[in-house]
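See structure below.
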Amino acid sequence: MGKIIGIDLGTTNSVVAVMEGSEPTVLPNSEGARTTPSMVAFTDGEELLVGQQAKRQAIINPERTVFGIKRLIGRKFRSHEVGDLGEIMPYQIVENVNGDAWISVKGMNYSPQEISAHILRKMKSTAEDYLGEEVTEAVITVPAYFDDAQRQATKEAGTIAGLNVRRIINEPTAAALSYGFHHQKNSRIAVFDLGGGTFDISVLEFTNGVFEVVATSGDNALGGEDFDRVLLMHLIDKFHEQTGIDVSGDKMALQRLREAAEAAKCELSSLTETNINLPFLAVNDDGPKHLSLMLGRSELNDLCYELVQRLEAPCLASLEDAGVMPDDIDEVLLVGGMTRMPIVQEKVREIFGRAPFKGVNPDEVVAAGAAIQSGILGGEVKEVVLLDVTPLSLGIRAAADRFVSIIPRNTSIPARASKVFTTTEDNQELVTIQVHQGESRSATDNRMLGTFNLTNIPRARAGTPRIQVTFDIDTDGIVNVSAMDMQTAQSQSIVVSGHSGLSQEELERAVSRTSAM
């Protein structure tokens with residue numbers, strides 16, 4: 001049997017790792033780097049560029065260079081998250097026939113799954129070059145706060161890339177698995193995971209080889225790109241003050257500013273000030289105009305203050321759900337490149353009352369944990385048990401738009417739970433089951449995952465039929481829902497994917513198109 005690889009499919013960068021003997025090994029790509037930019041570029045010809053090659057040409061090809069695709073995967077075009085992204089991304093975001101957000105490049109539409117598949121193929125190729133053998137199976141990580149549609153879409157991306165996705169594992173869980181694998185002592189830790197596009201916080205307990213997630217929370221619209229965006233807008237304003245030129249509509253200038261903002265943010269993690277110089281950023285009647293300014297760490301902290309404050313609420317919610325106080329946490333593990341930012345580390349210290357643990361590489365620890373999980377599946381790692389939880393409550397829409405939770409958030413998975421409902425009208429022969437995921441009491445305010453009908457209910461007075469609705473959630477966090485008339489045993493069920501994801505035809509077309517590139 002071939003190796004099962006572990007992939008951290010990140011918003012900004014992706015990493016692949018594999019178990020070698022008893023240790024996870026992060027693999028270098030063809031350029032010799034251990035992280036690969038999660039970028040895909042379409043060129044004038046038929047060539048497709050992935051990773052560092054795509055990033056190098058982004059400034060001169062902004063409309064056809066796709067980055068941050070993880071923030072679109074499994075999302076609806078008309079969601080406010082996608083609306084916000086559409087205002088700042090240089091490429092075009094469009095609506096697919098099922099309402100999902102896709103992108104359009106050179107007159108062709110692509111799903112986020114297909115773009116992600118190109119990144120996964122690069123990871124697959126990296127592993128095959130290193131191992132000298134074909135790779136067909138993988139464990140892929142996702143943010144803990146990803147909902148069912150986003151998890152399904154990530155598995156579809158793996159299928160398009162030619163990978164059998166053996167397990168979807170939450171990123172903070174993977175990081176904790178890597179930490180616990182090398183620090184085998186009974187303890188309770190918090191994993192603070194601030195990446196390029198998402199923020200997750202999980203509380204875990206290690207007891208005699210059992211890794212149990214107790215609670216998780218997060219914000220899928222908070223990450224390094226949001227910090228970059230705040231600084232980008234600041235640079236646009238500064239250039240306008242200096243020259244009177246508004247470059248917000250110039251996609252090439254915006255890409256130069258975006259890269260300068262990211263570089264300055266990274267530099268200010270170790271320096272107290274940095275110089276931003278962008279010659280020939282724009283031209284007016286007086287000739288070419290340049291941007292030159294000094295940026296201090298304190299100024300950056302002021303710009304990012306509101307974003308940093310948003311980190312607190314999910315942390316407190318996770319602690320409350322776990323039933324613990326900050327003093328009960330033995331270690332706070334930092335994951336994701338954004339945790340290098342001093343103001344973020346200060347916020348962690350403020351919330352938890354202790355300095356965070358810095359003994360892991362925040363860029364690589366998630367992929368290493370995915371490799372350990374692949375070792376568990378492949379039989380290379382023994383005497384380790386991983387128990388994860390569902391991040392959001394699952395339930396159905398009842399009368400008056402009421403959301404009825406059937407599987408509460410932070411329930412250990414796999415899980416199965418049922419509730420009995422009835423009809424609201426006399427002689428009702430059909431009920432429509434709407435499946436939702438979220439924490440609002442109003443079903444409309446939660447994410448609708450799918451819908452199906454239970455038919456041929458015997459005619460009776462309202463409130464007489466007994467209809468049992470059962471939710472099953474597997475170890476990947478993917479949901480199956482069934483409804484049964486308890487009098488006739490008539491039932492219907494779905495794997496929840498009815499309102500998102502690719503049709504079989506779209507999936508096959510993506511596989512064919514991706515393989516040809």
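Got a sec? Charge dipole of the chain, +1 on Cβ for Lys and Arg, -1 for Asp and Glu; which of Ser30, Leu85, Ile4 is way out at the positive end?
About the Cα centre, the residue reaching furthest to the positive side is Ile4.
In nm, what is the difference between 0.36 nm times the number of residues separating Thr444 and Thr470 and their Cα-Cα distance?
Roughly 7.3 nm would be gained on extension.
Quick one: dipole size for the range 394-495, taken about the Cα centre, charges +1 on Lys/Arg Cβ and -1 on Asp/Glu Cβ, in debye to the nearest 20.
On the way: 10 positive and 10 negative charges, 47 e Å.
Taking the Cα centre of the range 394-495 as origin, the dipole is about 220 debye.
What value, in deg cm²/dmol to 500, does the helix sum -39500 (n - 2.57) over DSSP H runs of n ≥ 4 give at 222 nm once divided by the residues of the chain?
Rounded to the nearest 500, it is -9500 deg cm²/dmol.
Estimate the FRET efficiency between Phe280 and Asp237 by the formula 1/(1 + (r/R0)^6), using the beta-carbon distance for r and 25 Å for R0, to the nearest 0.05.
E between Phe280 and Asp237, to the nearest 0.05, is 0.80.
Indicate the gyration tensor shape class of the range 245-347 (rounded, prolate or oblate), computed on the Cα atoms with a ≥ b ≥ c the square roots of the eigenvalues: a/c under 1.5 is rounded; otherwise a/b larger than b/c is prolate and the rest oblate.
Because a/c hits 1.5 or more and a/b exceeds b/c, the range 245-347 counts as prolate.
Rounded, prolate or oblate: pick one for the range 35-162, where a ≥ b ≥ c are the square roots of the eigenvalues of its C-alpha gyration tensor, a/c under 1.5 means rounded, and failing that, prolate if a/b is larger than b/c, else oblate.
oblate
As an exercise, use a Förster radius of 22 Å and the Cβ-Cβ distance of Asn427 and Asp401 to find the FRET efficiency, rounded to the nearest 0.05.
Numbers: r = 24 Å, r/R0 = 1.07.
The value I calculate is 0.40.
Can you give the relative contact order of the range 244-300 as a percent, counting alpha carbon pairs under 8 Å and 6+ residues apart?
Reported as a whole number, the value is 30 percent.
Just one of [x] 74, 54, 48; [y] 94, 64, 48; [z] 82, 54, 48 is Cα extents along the principal axes in Å calculated from these coordinates, so which is it?
[z]
Which lysines does Lys106 reach when only Cα atoms under 20 Å apart count, and residues fewer than 8 places away in its own chain are ignored?
In chain and number order, the partners are Lys55, Lys251.
Kindly provide the pair-distance distribution of the range 394-495 built from C-alpha pairs, with 5 Å bins from 0 and whole-percent values in order of increasing distance.
Cα pair-distance distribution for the range 394-495, in percent: 3, 13, 24, 24, 19, 11, 5, 1, 0.
Cross-link candidates for Lys238: which aspartates and glutamates have Cα within less than 17 Å, leaving aside residues fewer than 8 places away along the same chain?
Reachable aspartates and glutamates: Asp228, Asp246, Asp250, Glu259, Glu262, Glu273, Glu299, Asp302.
Checking the cross-link filter: which lysines have an alpha carbon closer than 17 Å to that of Lys3, excluding same-chain neighbours under 8 positions apart?
Cα-Cα hits under 17 Å: Lys122, Lys124, Lys382.
Tell me the relative contact order for the range 394-495 as a rounded percent, counting alpha carbon contacts under 8 Å between residues six or more apart.
Numbers: 230 pairs, mean separation 28.2, N = 102.
Reported relative contact order: 28 percent.
Throughout, read-outs are computed from the coordinates displayed, never taken from laboratory work. These numbers come from a predicted model, not from an experiment. Methodologically, a virtual Cβ is constructed for each residue, glycine included, from the backbone with ideal geometry; neighbour enumeration extends over all protein chains shown.
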